[in-house]
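The values are calculated or read from the model by the stated rules, or taken from the named source; none is laboratory data. Fair warning: this is a prediction, and the values are worked out from it, not measured in the lab. Cβ placement follows ideal geometry from the backbone for every residue including glycine, while neighbour counts extend to all protein chains displayed. Heavy atoms of the whole protein, side chains included, go into the accessibility calculation; ligands, DNA and RNA do not. Shrake-Rupley method; radii C 1.70, N 1.55, O 1.52, S 1.80 Å.
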Amino acid sequence: MDKNIKMSANEAAQRILSWSEEQAAGTCFDRAGKLKPCPIGHSGACCKNCHMGPCRFVGKGAEEEVRGVCGASLGTVAARNVLRMIAGGTSAHSDHARDMVLTLLAVAEGEAKDFQIKDVKKLYKMADILGIAYGDGKGVNAVAKEVALTLLEDFRRQTGELSYVKRAPKKTQERWKKWGITPRCIDREVVETMHRTAVGVDADPDHLLLQGLRTALADGWGGCMISTDITDVLFGTPSPVKAEASFGIFKEDEVNVVVHGHEPTFAETLVDVVSEPELVEYAKSKGAKGINLGGMCCTANEVLMRHGIPTAGGFTNQEVGILTGLIDVMTVDVQCIMPSIAEISKRFHTKIVTTSPKAQIPGAVHIQFDEHNAKEVARKIVRLAIDNYPNRKPAAKHENQKFPMIAGFSHEYIEYMQGGRWRASFRPLNDAIIAGRIRGVVGLAGCDNPRVTATGIHRYIATELIKNDVLIVSTGCGSGACGTAGYLTPEMALENAGPGLREVCEAIGIPPVLHLGACVDNSRILTIASAMAAEGGLSDEIGGMPAVGIAPEWMSEKAMAIGCYFAASGVPVIFGGESPVGSSKEVTRIMTEVWFERFRGALHFEPDPEKMLAMTLEYIDKARAELKLKKYEPGRFGTERVLMDMAARREIEKAAKPHLGLGA
Ligand code: NFS
């Protein structure tokens, strides 16, 4: 068997990678083969927070006897390393969120003419939460301005609490208070984390890790949630859309523009301009039939969720996409962009365009995007792509494989789909769990990773969980992995789901894996879990729900921040791969047993996919037993309220204009 077979579980990627080997075009898979991770740093046993080191904690008894030059123990060092990852991840999500707040402010002040507020209802919902008055002749922009200014405080407030903390169930908030981890704001928590992990400051692993959780909560209930909300307000709250995924989305006879990175604003502008008749005519003048927009990673998820723009998948697909030779321009903004794409693109005609003032890549063209002149910049980049279309080189590897998919499951839509516009609630979901029709819920998230068979563990976990009647909500590259495998269709439920989950999916017309959006949209899982707690019948806090978070192929610091905010919120989380704190038994115990005792969440690291699955089901079944729910038995359900089917929902809404959505 070709060794590339092991690189990616995506068959089209395998074919392209086999071809690329002949061309000796290095990809992350080749580099992962050549660069073995340092086993000392990989398990958290290396400290480089000052220049007396790096100090490496190796040998027998390292945990008990070995000390760094400053006297720090292995537990201190392993905990500090985790904290710095959390701070890095929180910074990434939250800096993105800050830009969203500033864009909302610019729109409200009439300074970003190419954007408007699309979801006024959601803006008012935010205003309600933030205690901002609206109506009574107060204009939408005035409300938006106040919302933006209030949320800016969440970055710089020195005392008090993050605004969105109050969205969590009361009991969850009480746990945070008790352990002193309620975040004050975003920037202060990140700065304090960097301070406390500097040489000679906080040395108590448990005390350090509590600050890690506080910072992670600032990420989840701050950066991520703010980002999701404002993106919905500016560009529309998602509802289900049909789209396609994998490398076949690139068209041979059209100009292909690909958006890659994380920020939605520039990509939204591209969505607007690519259909402008003048640009389409210009593309035709160069021999193309039209302009085709596609995406990669989380920028892709943003425009997929709202417009059905097709995706070529997640992190490990970015270089592979370029190897198709069909991408005329790839725009990149921030995060998860391999600098190597500029190098690999030189073999073809592809132009890489960096658009953020924060990120430039040697070998790429830099055309800076600014929300004040958004469309102008977008048109310039599309013209660049059109001019580049005739330069395509024959030596490349085209692929036709693509799968249909359904995306666009916002919190709001999930509520709507369970009862229509007038009876929207989480009751039917809770009832289905109570009755054992749905055994539990798993958030399948995080990166895909060239250190394993990329996307393969996501697929395995998704397949096995739905067989076991576990409903999956997915985000980020987890969604990409499922989408490029054809798992995001309702048919997937018919073919693979257990009998209870299948019945629920058929009744509502949904896939068994619900695509919730980008990684920042993990915040949608927090709001869904809070709504389930408020609905009653299950746990009255996020902790104790038959729910687990899994990031089977994680690699980014952002994933660490996410895993920790779920753990602090009450969700047991399982990450794949070797543990980054594996060298310290003490830190491992705190992150699993101690956190579970205090918050009912935990963060485990488990490289074996089968064990990951077994742990997940065990957590779910234990939670069911503690909630005194019916013991899960495949195909045998208790009684509960009937889920609304599409016909019943339409009946209720005859008089009202139905919400845009799947089949509605
Ligand atoms: Ni999340 Fe999205 Fe993917 Fe990992 Fe990177 S793209 S923000 S970090 S690699 S899931």
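From the Cα gyration tensor of region 127-191, with a ≥ b ≥ c the square roots of its eigenvalues, which class applies: rounded if a/c is under 1.5, or else prolate if a/b is larger than b/c, or else oblate? Judged from the Cα gyration tensor, region 127-191 comes out oblate (a/c at least 1.5, b/c at or above a/b).
Taking all protein chains as they are arranged and a probe of 1.4 Å, the heavy atoms of Arg188 leave approximately 80 Å² accessible to solvent.
In the full protein context, the chain carries 37 Å² of accessible surface per residue, based on a 1.4 Å probe and ignoring ligands, DNA and RNA.
Between amide H atoms placed 1.01 Å from N, distances below 5 Å from Gly440 occur with Leu471, all of them 5 or more places distant or on a separate chain. Taking amide H as placed 1.01 Å from N in the peptide plane, the amide H of His366 sits under 5 Å from that of Thr354, each at least 5 places away or on another chain.
Relative contact order for the chain using alpha-carbon pairs under 8 Å, separation at least 6, rounded to a whole percent? Walk me through the numbers before you get to the answer.
Details: 1470 pairs, mean separation 109.4, N = 664.
That works out to 16 percent.
Qualifying trypsin sites (Lys or Arg not before Pro) in region 1-64, where qualification requires a DSSP coil assignment and no more than 12 other C-beta atoms within 10 Å, comprise Lys60. With all protein chains in place and ligands, DNA and RNA left out, the 1.4 Å accessible area ranks Tyr282, Tyr164, Tyr389 as Tyr282, Tyr389, Tyr164, largest first.
Would you compute, from DSSP H runs of 4+ residues alone, the mean residue ellipticity of the chain at 222 nm, taking -39500 (n - 2.57) per run and dividing by the full residue count, rounded to the nearest 500?
Details: 29 runs with 308 residues, N = 664.
For the chain, the value works out to -14000 deg cm²/dmol.
Here Asp95 sits with roughly 50 square angstrom of accessible surface, probe radius 1.4 Å. Considering every alpha-carbon pair of region 74-235, the percent of pairs per 10 Å bin, from zero through the bin containing the longest distance, is 11, 37, 30, 15, 6, 1, 0. Taking a straight line from the alpha carbon of Lys34, these lysines sit under 19 Å away, with near neighbours fewer than eight places off in the same chain left out: Lys3, Lys6. Contact order for region 310-355, expressed relative to its length and based on alpha carbon pairs under 8 Å spaced 6+ residues apart, stands at 44 percent.
From the largest down, region 1-94 spans 52, 38, 22 angstrom on the principal axes of its Cα atoms.
Working with all protein chains in place, sort Arg214, Arg175, Arg156 by solvent-accessible area computed with a 1.4 Å probe, largest first.
On the way: Arg214 35, Arg175 60, Arg156 125 Å².
Listed by decreasing accessible area, they come as Arg156, Arg175, Arg214.
Ellipsoid fit via the Cα gyration tensor, the chain: semi-axes of 34, 32, 27 Å, each the root of five times an eigenvalue, largest first.
Classify region 421-626: rounded, prolate or oblate, from the alpha-carbon gyration tensor (a ≥ b ≥ c, eigenvalue square roots; a/c under 1.5 rounded; otherwise prolate if a/b is larger than b/c)? Oblate. The heavy atoms of Thr616 offer some 0 square angstrom of accessible surface to a 1.4 angstrom probe. Once you reduce region 365-392 and region 492-541 to the center of their Cα atoms, the two points are 39 Å from each other.
In sequence order, region 511-526 has phi-based couplings of x, x, 10, 9, 7, 9, x, 6, 5, 4, 6, 4, 4, 5, 5, 5 Hz under the Karplus curve 6.51 cos²θ - 1.76 cosθ + 1.60, θ = phi - 60°, and Gly or Pro positions carry x. Share of carbon and sulfur in the accessible area of region 46-98 stands at 53%, probe radius 1.4 Å.
How large a share of the accessible area of region 367-439, in percent, is made up of carbon and sulfur atoms when the probe is 1.4 Å and the other protein chains stay in place? Before the final figure, lay out each step's value.
Numbers: 1420 of 2890 Å².
The value for region 367-439 is 49 percent carbon and sulfur by accessible area.
Within the straight-line cut-off of under 16 Å between alpha carbons, the lysines reachable from Lys402 are Lys242, Lys251, sequence neighbours fewer than 8 places apart in one chain being disregarded. Sorted largest first by accessible area at a 1.4 angstrom probe radius, with every protein chain in place, the residues Phe403, Phe599 fall in the order Phe403, Phe599.
From the mean inverse distance of alpha carbon pairs (Kirkwood) and the Cα radius of gyration, derive Rg over Rh for region 375-472. Numbers along the way, then the final one.
Details: Rg = 21.4 Å, Rh = 18.3 Å.
Taking Rh as the inverse mean 1/r over Cα pairs, Rg/Rh reads 1.17.
Counted over the chain, the DSSP beta bridges are approximately 20% antiparallel. Scalar couplings 3J(HN,Hα) for region 287-296, obtained by applying the Karplus form with A = 6.51, B = -1.76, C = 1.60 to θ = phi - 60°, are x, 8, 7, x, 10, 10, 9, x, x, 9 Hz; x denotes Gly and Pro. Relative contact order for region 9-69: 18 percent, from Cα pairs under 8 Å spaced at least 6 residues apart, divided by residue count. Working note: Karplus 6.51/-1.76/1.60 with θ = phi - 60° gives region 559-567 the couplings 4, 4, 4, 5, x, 6, 6, 5, 4 Hz, where Gly and Pro are set to x.
At q = 0.20, 0.27, 0.28, 0.29 Å⁻¹ the log10 of I(q)/I(0) for region 11-56 amounts to -0.70, -0.95, -0.98, -1.01, computed by Debye summation with a single uniform scatterer per C-alpha, solvent ignored. Surface composition of region 234-298: carbon plus sulfur atoms contribute 45% of the solvent-accessible area (1.4 Å probe, protein chains only, all chains present). Database remark: amide H of Phe605 closer than 5 angstrom to the amide H of Phe575 (H placed geometrically; neighbours at sequence offset of 5 or more, or on other chains; Pro and chain starts carry no H).
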